[in-house]
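Here's the structure we're looking at; comments come further down.
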Amino acid sequence: MSSYRRNFLPGGTFFFTVTLADRRADWLVRHVDVLREVVKAVRQRSPFLIDAWVVLPEHIHAVWTLPHLDTDYPGRWREIKKQFSKMVRALEGPDQVPDAGALWQRRYWEHTIRSEGDYRAHIDYAHFNPVKHGWVDRVVDWPYSTFHRAVRAGLYPEDWGGKGVVNLQAGE
């Protein structure tokens, strides 16, 4: 059995890839409003900053910054996964949606952000992911992303991230 090591850096910034067990499923975009509601509720109980987030049909990429001295990103992901599964099962029916233990992959990929360049690369990677996977030709065309917020804040031009962007040097 694999031994997973997590880096529990208090107040750290982390990149995550969290995936559904069925890589052909579309639960995350089909029920993106439920996911948003769940994340909002978890953040109210256990705050964290969302630096970047992109939701694809079967996986999520996120960059979070935890509060000072806080290390509990596993607890936050556990609650997000559990509550999302519970709510989607209630909407779709238990015969249509597996429980949390079967809906999500058991593990997730986590990377501790170590520098400004690393931070920028992982945010770019998250935002570019819908293009990488062929869902859209341009990052701006994917609706389930903090890219739109970043454009409004002046961090990206709206036309950033078409099919010609390559070699982002980040991700899992």
Looking at this structure, is P98 over 15 Å from the mean Cα position of the chain (by Cα) and either loosely packed, with under 14 Cβ neighbours inside 10 Å or under 17 Å from L9 (Cα atoms) (or both)? no
List the number of the failed condition for R23; all other conditions in (1) at pLDDT 95 or above; (2) open to solvent by 30 Å² or more (accessible area, probe 1.4 Å); (3) closer than 27 Å to H133 by Cα hold. (1)
For segment 1-47: of the residues being closer than 26 Å to E116 by Cα and assigned to a helix (DSSP H, G or I), which is farthest from the chain's Cα centre (by Cα)? R43
By residue number, the members of segment 33-47 that are surrounded by fewer than 15 Cβ atoms within 10 Å (Cβ to Cβ) and of a type in the set (G, A, S) are A41
In segment 118-149, which residue that is in contact with an Asp or Glu (Cβ under 9 Å, 6 or more places away or on another chain) and in a loop (DSSP other than H, G, I, E, B) is surrounded by the most Cβ atoms within 10 Å (Cβ to Cβ)? T146
If I50 satisfies all but one of (1) surrounded by fewer than 19 Cβ atoms within 10 Å (Cβ to Cβ); (2) over 13 Å from the mean Cα position of the chain (by Cα), what's the number of the condition it fails? (2)
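Residue-by-condition table, conditions (1) among the polar types (S, T, N, Q); (2) modelled with pLDDT of 95 or more; (3) within 25 Å of D33 (Cβ to Cβ):
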{"site": "K82", "(1), (2), (3)": "no, no, yes"}
{"site": "Q96", "(1), (2), (3)": "yes, no, yes"}
{"site": "W109", "(1), (2), (3)": "no, no, no"}
{"site": "H127", "(1), (2), (3)": "no, yes, yes"}
{"site": "W142", "(1), (2), (3)": "no, yes, yes"}
{"site": "S145", "(1), (2), (3)": "yes, yes, yes"}
{"site": "G154", "(1), (2), (3)": "no, yes, no"}
{"site": "G162", "(1), (2), (3)": "no, no, no"}
If the requirement is being among the hydrophobic types (A, V, I, L, M, F, W, C) and closer than 21 Å to G162 by Cβ, which of these qualifies: L49, L66, L56? L56
Among the numbered criteria (1) small (G, A, S); (2) buried (at least 20 other Cβ atoms within 10 Å of the Cβ); (3) outside any strand (DSSP E or B), which single criterion is violated by G75? (2)
Matching residues in segment 101-117 - criterion: being part of a helix (DSSP H, G or I) and crowded, with 18+ Cβ neighbours inside 10 Å: L103
When you scan segment 58-70, do you find a residue that is in contact (Cβ under 8 Å) with a residue 60 or more places away in the chain and open to solvent by 30 Å² or more (accessible area, probe 1.4 Å), even just one? yes
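The values are calculated or read from the model by the stated rules, or taken from the named source; none is laboratory data. Here the structure is a predicted model, which is why all the values come from computation and not from measurement. No Cβ is skipped: glycine too gets one built from the backbone with ideal geometry, and neighbour counts run over all protein chains shown. Note: areas computed on protein heavy atoms with side chains; ligands, DNA, RNA excluded. Shrake-Rupley method; radii C 1.70, N 1.55, O 1.52, S 1.80 Å.
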